[in-house]
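Only one structure is covered here, and it is reproduced in the block below.
Every number here is computed from the coordinates shown, using simple stated rules; none is lab data. What you see is a predicted model, and the numbers here were worked out from it, not measured in a lab. Every residue, glycine among them, receives a Cβ derived from its backbone with ideal geometry; neighbour counts consider all protein chains shown.
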Amino acid sequence: MLKEGDRIPAVTLKKMTSAGPTDVSMADYCAGRKVVIFAVPGAFTPTCSETHLPGYIDHAQALRDKGVKAVACVSMTDQFVMNAWGKSVGTGEHVDMLADGNGEFTQAAGMSVDFSAHGMGQRSQRYAMVLEDGVVKHLAVESNPGEATVSAAEAVLEALTETVVS
């Protein structure tokens, strides 16, 4: 599993833009700047849609005030679903909706979890990380995928005030 001090996996995700589906190199996305990435088990699922993603939208300016240049939500689904989900909750320019449709990023980060017992197949664990120039400075993984506490925007903001994540 990815841990603090590790470099972000060099994987390409997808993002829907006005030009259509676009590749997003995670190495390039994180290069030379402070970035927050949070992952969710599923788009349109209750905790993800009602709490986790809206928290990052609501706290986007506070995160930017702490030096965060970009916030990305990652889910193991396609860019069309991520785009529709982002529109439905009003992410606008606050959160980049990045699709890990093949699960390559999630697997490379060691964050894959099997939710087959719930009819959901392979998914991502719920987590949040702060990266500086592609290096993980803070990582918080939820012990209960139905909750967004340690990976919530408020918890990331708190971590950003600690001296560990400058």
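Determine the dipole magnitude for the stretch 12-161: charges of +1 sit on the beta-carbon of Lys and Arg, -1 on that of Asp and Glu, nothing else is charged, the reference point is the Cα centre, and the result goes in debye to the nearest 20.
It works out to roughly 180 debye.
Label Lys69 and Ala108 with points 7 Å out from Cα along Cα→Cβ: what is the distance between them in nm?
My value for the distance between the label points is 1.9 nm.
If the cut-off is a Cα-Cα distance under 16 Å, which aspartates and glutamates reach Lys3, setting aside same-chain residues fewer than 8 apart in sequence?
Glu132, Asp133, Glu142
Between Asp23 and Ala155, what is the label-to-label distance in nm when each label sits 7 Å out along the Cα-to-Cβ direction?
My value for the distance between the label points is 3.4 nm.
Of all beta bridges DSSP finds with both residues in the stretch 12-161, what is the antiparallel percent, to the nearest 5?
Working: 22 of 31 bridges.
In the stretch 12-161, DSSP labels about 70 percent of beta bridges as antiparallel.
Mean separation of Cα pairs under 8 Å and 6+ residues apart, divided by the residue count of the chain: what relative contact order is that in percent?
Relative contact order for the chain comes out at 30 percent.
Starting from a Cα-only point model with no solvent, please compute log10 I(q)/I(0) by Debye for the stretch 12-161 at q = 0.11, 0.12, 0.21 1/Å.
So the normalised log intensities work out to -0.36, -0.43, -1.50.
With unit charges on the beta carbons (Lys and Arg positive, Asp and Glu negative) and the dipole taken about the Cα centre of the stretch 9-166, which residue among Gly110, Val24, Gln61 sits farthest to the positive side?
So the residue furthest toward the plus end is Val24.
So what's the projected area for the stretch 1-73, the Cα convex hull averaged over all directions, in nm²?
Working: hull surface 24.6 nm².
Reported value for the Cα convex hull: 6.2 nm².
Under the rule of -39500 (n - 2.57) per DSSP H run of 4 or more residues, summed and divided by the residues of the chain, what mean residue ellipticity at 222 nm is obtained, to the nearest 500 deg cm²/dmol?
Details: 6 runs with 42 residues, N = 166.
Dividing the helical sum by the residues of the chain leaves -6500 deg cm²/dmol.
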